Structures are given as structure tokens and as C-alpha cells.
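Please read the structure below before turning to the comments.
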């Protein structure tokens, strides 16, 4: 697999979605070593600040994958928005991020291969994940091949359904089709109570979870849930899909 971790790490890779430096600290305290950093989860996530990226990389020493998304809404960007996206990718690179997370669609619901290739080129030296814009594409099988051809190393998806559990059948098909040419990361609605069955049912080797907790209107990653999810995944081996 692309980016298989060292033998000391669990077979199933866990990525914690963090919406703030508080969430990142909590993820680290729970034992996480890899995060996707973003902000504004209520909008599906947008690009975090440079200071937040730098803190996670240099102070927390986390493998930090940075969401590059200038706004909420659809994934069709005009030329000026694309300039901002490419600048944010450049900034993430300068701040020593491990990877960037991007996604581009055409108005017809296909992968925008031109913009994806442009982003992959700009991210040279970092990994590239194509995010859940994929879940809005009109032909998942074709979209997967286009994403692979564009040079992305990972695909974040819920199997084109609201949650990974609901999209488990499609996730299983995507894992089979990918055949280790790209890493499929299961995402959305993954919890300590369903992660084991999801891995066993789909053959996923990577999962993505936010494990959110809300107190007094503040939503952040919960340390205890991170610890428990890591414990479960450490002892769960995917079956061949």
C-alpha cells in the first residue's frame, strides 16, 4: 500500500479530522499521529490558518494533512478561486505539511481532471488526497480511475452515501477496484461502535473520523474516543474484500 506505516504502527491507519488546534491537541493526547486539519466543519470543512498548520506540524509533531478548500458549497471553482487554492497548497508545503486534501468536480458531476492535475503538480513533495467531493460524482467507478490517473495517492469517501456505514457496499467495491493503486479512506459517521464491522465488511485499511464532542457550544475532538478507536483498530485486521 502507498504510505504503509512502520511496523510499530497499527495495520489499519487512522486519520483524525481536527477542526482546530484544540482538537489537534486532543487527538495527539489520545495517541493519534496523523490528522486532517481544517476549520468550519459546519460547512464541510475549509482551509485552516497558516498558524494552525504550523502549530500542528512543529509544536505537536503530527503528520498533518491540510484541507485546501476556500469556501463551503460546491466543488466547481473559477480561475480566481483556483489561484487561491494553489497559493494555499504552496503555503502548506512551506509549512512542512505532510499532504494536502483537495477535490474538484465539473458542473456535470465528473472529476475535473485539469484542476486536479494542477493541484497535484503544485503539491509536488507532499501527498495528495482527493476528498469527499468524490461522493457527489455521477459515476464512482470512472471517477476513481480519473483520480488515480491524476496522481492522487489517497481517496477519502463515504461510498457516495451520507455515512460510511450506509456506503459500505460501494466502499468494498472501490477497495477491490483500486487494488492498492490508491488508498481508499473510509469516512463519515465512523465511531468506536461501528469501526470494527466497517473494516471487516469492506477491507478498508484506512479510516477517517472526527470523534467530535460538544460542550457549551464548543465542538472538538474527544481524547477518550480517539484512544478507544485506536485500541479497536489496532486489533482489527481487514478481510479481503
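The values are calculated or read from the model by the stated rules, or taken from the named source; none is laboratory data. Just so you know, these numbers come straight off a predicted model, no measurement behind them. Methodologically, a virtual Cβ is constructed for each residue, glycine included, from the backbone with ideal geometry; neighbour enumeration extends over all protein chains shown.
Look at residue 164 and say whether it is in a loop (DSSP other than H, G, I, E, B), surrounded by 20 or more Cβ atoms within 10 Å (Cβ to Cβ) and in contact with a strand residue (DSSP E or B) (Cβ under 7 Å, 6 or more places away or on another chain).
Yes: the conditions hold for residue 164.
Can you say whether residue 77 is over 16 Å from the mean Cα position of the chain (by Cα), modelled with pLDDT of 95 or more and not in a helix (DSSP H, G or I), as far as the supplied structure shows?
Yes.
Can you name the residue in the stretch 127-148 that is within 13 Å of residue 68 (Cα to Cα) and touching a helix residue (DSSP H, G or I) at 6+ places or on another chain (Cβ under 7 Å) and, of all such residues, is surrounded by the fewest Cβ atoms within 10 Å (Cβ to Cβ)?
Here the answer is 128.
How many of the residues in the stretch 15-36 are closer than 21 Å to residue 186 by Cβ, without any contact (Cβ under 8 Å) to a residue 40 or more places away in the chain and in contact with a helix residue (DSSP H, G or I) (Cβ under 8 Å, 6 or more places away or on another chain)?
Residues flagged as closer than 21 Å to residue 186 by Cβ, without any contact (Cβ under 8 Å) to a residue 40 or more places away in the chain and in contact with a helix residue (DSSP H, G or I) (Cβ under 8 Å, 6 or more places away or on another chain) within the stretch 15-36 amount to 1.
Of 51, 32, 27, which residue is touching a strand residue (DSSP E or B) at 6+ places or on another chain (Cβ under 8 Å) and either modelled with pLDDT under 95 or outside any loop (DSSP other than H, G, I, E, B) (or both)?
On the way: 51 fails: touching a strand residue (DSSP E or B) at 6+ places or on another chain (Cβ under 8 Å); 32 fails: either modelled with pLDDT under 95 or outside any loop (DSSP other than H, G, I, E, B) (or both).
On inspection, the qualifying residue turns out to be 27.
Does residue 82 satisfy the condition of being surrounded by fewer than 23 Cβ atoms within 10 Å (Cβ to Cβ), under 15 Å from the mean Cα position of the chain (by Cα) and farther than 19 Å from residue 186 by Cα?
Numbers: surrounded by fewer than 23 Cβ atoms within 10 Å (Cβ to Cβ): yes; under 15 Å from the mean Cα position of the chain (by Cα): no; farther than 19 Å from residue 186 by Cα: yes.
Taking the combined requirement at face value, the residue does not satisfy it.
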